[in-house]
């Protein structure tokens, strides 16, 4: 991964954190992906044109991490969300 792209990602997550769009934990997730030189991260953000598009992609990545975490590691919360959805649908 190029250092320019890495610096753009770091700049983007810092700006998003400053605007309270992401938490410190989420910022850490992205930094961990950078440290591991995650190929999926690179493929997802390398074609971004501009800061706005980069931030949008990073939010999509964080949403995927969140949903994977909830579905895999916290099945009780997932069950609760399904119950709430069913109650709201009625």
Going by what's in this entry, would residue 72 be described as in contact with a helix residue (DSSP H, G or I) (Cβ under 8 Å, 6 or more places away or on another chain), under 18 Å from residue 26 (Cα atoms) and at pLDDT below 90? no
Can you pull out every residue in the range 14-60 that is under 17 Å from residue 3 (Cα atoms), in a loop (DSSP other than H, G, I, E, B) and either touching a strand residue (DSSP E or B) at 6+ places or on another chain (Cβ under 7 Å) or in contact (Cβ under 8 Å) with a residue 24 or more places away in the chain (or both)? 37, 46
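The values are calculated or read from the model by the stated rules, or taken from the named source; none is laboratory data. Predicted, not measured: the structure shown is a model, and the values here were computed from it. So basically every Cβ, Gly included, is an ideal-geometry build from the backbone, and we count neighbours across all protein chains shown.
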